[in-house]
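S.K.: I'd like to ask you about the structure that follows.
The values are calculated or read from the model by the stated rules, or taken from the named source; none is laboratory data. For clarity, every value in this text was computed on a predicted model and none was experimentally measured. Positions of Cβ are generated from backbone atoms using ideal geometry, with glycine treated the same way; all protein chains shown enter the neighbour counts. In case anyone asks, the SASA skips ligands and DNA or RNA and just uses the protein heavy atoms, side chains included. Shrake-Rupley method; radii C 1.70, N 1.55, O 1.52, S 1.80 Å.
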Amino acid sequence: MGVVWLRSFPARARILRAVRRTLDSDGYVEVSTPVRIPAPANEPHICPPESGGWFLRASPELQMKRLLALGFERIYQIGPCFRSGEYGSRHRPEFTMLEWYCAGAGSDGVISEMKRFVCAASEEINGSTDVTSASGCRIDLSGPWVHIKVRDAMLEFAGWDPLEEFDEDRFDTDMALKVEPALPQDRVCILEDYPAQAASLARLNADDPKTADRREVYIGGIELCNAFGELTDAAEQRRRFEEAAAKKRELGEVPMPMDEDFLFSLESMPQAGGAALGIDRLVMVLLGTREISDVLFSV
């Protein structure tokens, strides 16, 4: 394992420099928000660890949106996040997340930014925008990124329409076991127009309110980035958090306290696009490795 880290750790440092260089040149400001917080977002299946009566963050999202409400227009943050019970070839309880937000944008805008810094990072360590996935597929990161609607993917690979009769458990299971394995392996793929019920922090699409402005990016079969056109309606966000808290109780999970400071600031937040990307997975993609343990030191 030590030999693998001798290659991956220097590459990781160069990838981070390329990401920061691209975002900085595009007018983004790097920010830092607390890792230990009193009230994470209520999201079923995501359980932030407790820390002295507060919680270690699963994401810096709520705090970064408060900065948008204060007048910042383009911000990003790279730092540790925590989720209890997540362990596998692509998961760890502690991992590194990049989140970035752009006022006036939607999910398409922040994904365009992602393409710029992913290509720059690949050029930094590979000398080109071509990468070879762990399964041996060559992928040109600078080529067209394929867009697939979630409804179409579910109909083709799982045989049902989640917009007509949404079933959360079935949706999550079929997404993981039927849809994701069937996505193209030789191109960057974007799943878009998620059912409204599967996007609790995203605004609804004006032309189809059954869907939300949420997109997920896959490279070489690895889910890498989750992007949103952010919800700015405080009353609607409160209702969604309450629904999520009820779902967590139903699942036997502990619901999170309501973040009243965030909900208050949401009333002043501009329309914005936001995205979260796993840095450890990005390193995996650019190096063509199968295991997160190849790029992430853990105890």
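S.K.: Using alpha-carbon positions, what is the distance between the centroids of the range 102-123 and the range 223-299, in Å?
M.R.: 18
S.K.: Now, a different point. Under a GNM of the chain (C-alpha, springs under 10 Å), which listed residue has the highest mean-square fluctuation: 186, 208, 152?
M.R.: Sorting by GNM fluctuation, first place goes to 208.
S.K.: With a sphere of radius 14 Å drawn around the Cβ of residue 183, what net charge do the other residues whose Cβ falls strictly inside it have (Lys, Arg +1; Asp, Glu -1)? Don't skip to the answer; put the middle values down first.
M.R.: Working: positive: 149, 178, 187, 215; negative: 152, 156, 174, 180, 186, 192, 216, 223.
Neighbourhood net charge equals -4.
S.K.: Read phi for every residue in the range 221-233 and hand back ³J(HN,Hα) as whole Hz from Karplus 6.51 cos²θ - 1.76 cosθ + 1.60, θ = phi - 60°, with x for Gly and Pro.
M.R.: x, 9, 5, 10, 8, 10, 10, 9, x, 6, 6, 10, 8
S.K.: Amide H neighbours of residue 51 under 5 Å, counting only residues 5+ apart in sequence or on other chains, H built in-plane at 1.01 Å?
M.R.: So residue 51 has HN proximity to 56.
S.K.: Spelling out what I want: for every residue of the range 293-298, take phi, set θ = phi - 60°, compute 6.51 cos²θ - 1.76 cosθ + 1.60 (Karplus), and round to whole Hz; glycine and proline get x.
M.R.: So the Karplus estimates, Gly and Pro as x, are 5, 6, 10, 9, 6, 9 Hz.
S.K.: Scan around residue 202 for amide H atoms under 5 Å from its own, H built in the peptide plane at 1.01 Å from N, and keep only partners 5 or more places away or cross-chain.
M.R.: Sorted by chain and number, the residues that satisfy this are 231.
S.K.: Take residue 14 and residue 291, extend 7 Å from each Cα along the Cα→Cβ direction, and tell me the distance between the two endpoints in nm.
M.R.: 2.4
S.K.: Between residue 160 and residue 84, what is the label-point separation in nm under the 7 Å Cα-to-beta-carbon projection?
M.R.: 3.0
S.K.: Further question on the same structure: Could you give the length gained by full extension between residue 167 and residue 115, i.e. 0.36 nm per residue of separation minus their alpha carbon distance, to one decimal place? Spell out each step's value before the answer.
M.R.: Working: separation 52, 0.36 × 52 = 18.72 nm, distance 3.22 nm.
The residue 167-residue 115 span can extend by a further 15.5 nm.
S.K.: Further, regarding this structure: Just 263, 70, 282 to compare: in a GNM of the chain, with alpha carbon springs under 10 Å, which one fluctuates most?
M.R.: Evaluated over the chain, the most mobile residue of the options is 70.
S.K.: Taking a point 7 angstrom from the Cα of residue 178 along the C-beta vector, which residues in the range 190-227 have backbone N less than 19 Å away?
M.R.: Once the point is set 7 Å along Cα→Cβ of residue 178, 191-198 turn out to lie under 19 Å by backbone N, inside the range 190-227.
S.K.: Dipole of the chain, Cα-centred, from +1 at each Lys and Arg C-beta and -1 at each Asp and Glu C-beta, to the nearest 20 debye?
M.R.: Values: 34 positive and 49 negative charges, 228 e Å.
Around 1100 debye, computed over the chain.
S.K.: Based on the Cβ-Cβ distance of residue 186 and residue 36, what FRET efficiency does E = 1/(1 + (r/R0)^6) give at R0 = 45 Å, to the nearest 0.05? Intermediate results must be reported in sequence, preceding the final value.
M.R.: Details: r = 42 Å, r/R0 = 0.93.
It comes out at approximately 0.60.
S.K.: A further question follows. Show me, for the range 279-286, the HN-Hα J-couplings you get by feeding each phi into the Karplus relation (A = 6.51, B = -1.76, C = 1.60, θ = phi - 60°), rounded to Hz, glycine and proline as x.
M.R.: Ordered by residue, 3J(HN,Hα) equals 5, 4, 5, 4, 4, 4, 4, 6 Hz.
S.K.: Let me ask you something else. Using only the alpha carbons of the chain, determine the length spanned along each of the three principal axes and report them from longest to shortest in whole angstroms.
M.R.: That gives 48, 44, 37 Å along the principal axes, largest extent first.
S.K.: So, one more: Excluding ligands, DNA and RNA, what is the solvent-accessible area per residue of the chain at a probe of 1.4 Å, expressed in Å²? Present the calculation step by step, with values, prior to reporting the outcome.
M.R.: Values: 13230 Å² over 299 residues.
Heavy-atom accessible area per residue stands at 44 Å².
S.K.: Based solely on its DSSP helices, what 222 nm [θ] is calculated for the chain when runs of n ≥ 4 H residues each add -39,500 (n - 2.57) and the sum is averaged over all residues, nearest 500 deg cm²/dmol? Please list the in-between numbers first.
M.R.: Values: 8 runs with 102 residues, N = 299.
After summing the helix terms and dividing by the residues of the chain, the value is -11000 deg cm²/dmol.
S.K.: Percent of accessible area on the chain owned by carbon and sulfur, 1.4 Å probe? Numbers along the way, then the final one.
M.R.: Numbers: 6730 of 13230 Å².
Carbon and sulfur together cover 51 percent of it.
S.K.: Around residue 24, what is the net charge, scoring Lys/Arg as +1 and Asp/Glu as -1 over all other residues with Cβ under 11 Å from its Cβ?
M.R.: Working: positive: 17, 20, 21, 74; negative: 26, 30.
Neighbour charge sum, excluding residue 24 itself: +2.
S.K.: Can you give the Rg to Rh ratio of the range 215-299, both from alpha-carbon atoms, with Rh computed by the Kirkwood formula?
M.R.: Working: Rg = 17.3 Å, Rh = 15.8 Å.
That ratio equals 1.10.
S.K.: Take every Cα pair under 8 Å in the range 47-190 that's 6+ residues apart, average their separations, divide by the length, and report that relative contact order as a whole percent.
M.R.: Numbers: 152 pairs, mean separation 21.7, N = 144.
Contact order relative to length: 15 percent.
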